[in-house]
Structure formats: structure tokens, C-alpha cells
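Peer 1: Submitted below is the structure of interest, expressed as C-alpha cells.
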Amino acid sequence: RMPNDEKLAHRRSLEAIANGWEVIRSPVYILHGKADRLIYYPNAEYAKEKLVNAPVTLVPFEKLGHVIN
């Protein structure tokens, strides 16, 4: 139940920060497994696109899923 509640809260969380991405100016590193079936890789690309005032490094892991260890 907890993962489902968390997943359903994602949309509200994104809506809450919709106008705040541009205030982030610190370097951002996004590490994301491209085989992730819980949080899809296009979400990482979306974040990179929205962080217009921050230097962003997107690091895709081709064969990894949700857990990166």
C-alpha cells in the first residue's frame, strides 16, 4: 500500500513544483536506470528539460532498473 500511495502522490508533487524548477541553480546529477519499470526513464529527461538554470548531468544506466547499487 505504501508504494502505491507514494506513486499516486507523484503527480501532486510535480504540480506543486511546476513553477519552481527555474530557481534551482546548483549542479544536478540525475542517475537513472533505463530498465526501470517503476519510475520510467523519460521522467529523468523531463527533469533535465525543466532545470533550465542549472547545469545538469544525466547519467543513464542502460541495463539497470529501479535499484542502482
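Peer 1: Consider segment 32-69. How many of its residues are farther than 24 Å from LEU8 by Cβ and among the aliphatic types (A, V, I, L, M)?
Peer 2: Qualifying residue count, segment 32-69: 7.
Peer 1: Taking into account only those residues within segment 48-69 that are of a type in the set (Val, Ile, Thr) and assigned to a loop (DSSP other than H, G, I, E, B), which is farthest from SER26 (Cα to Cα)?
Peer 2: Filtering first and then ranking leaves VAL67.
Peer 1: Could I ask something else about it? Return yes or no: is LEU8 open to solvent by 70 Å² or more (accessible area, probe 1.4 Å) and hydrophobic (A, V, I, L, M, F, W, C)?
Peer 2: In short, yes.
Peer 1: Of all residues being farther than 15 Å from VAL23 by Cβ and of a type in the set (A, V, I, L, M, F, W, C) in segment 43-69, which is surrounded by the fewest Cβ atoms within 10 Å (Cβ to Cβ)? Just the residue, please.
Peer 2: Only one residue fits best here, namely VAL67.
Peer 1: I've got another one for you. Considering only residues that are part of a helix (DSSP H, G or I) and either at pLDDT 95 or above or in contact with a Phe, Trp or Tyr (Cβ under 6 Å, 6 or more places away or on another chain) (or both), which ones fall in segment 23-43?
Peer 2: VAL23
The values are calculated or read from the model by the stated rules, or taken from the named source; none is laboratory data. Everything numeric in this text was worked out from a predicted model, so none of it was measured. Heads up, the Cβs are rebuilt from the backbone with ideal geometry, glycines too, and the neighbour counts pull from every protein chain shown. Side chains are part of the model used for accessible areas, which takes the heavy atoms of the whole protein and leaves out ligands, DNA and RNA. Shrake-Rupley method; radii C 1.70, N 1.55, O 1.52, S 1.80 Å.
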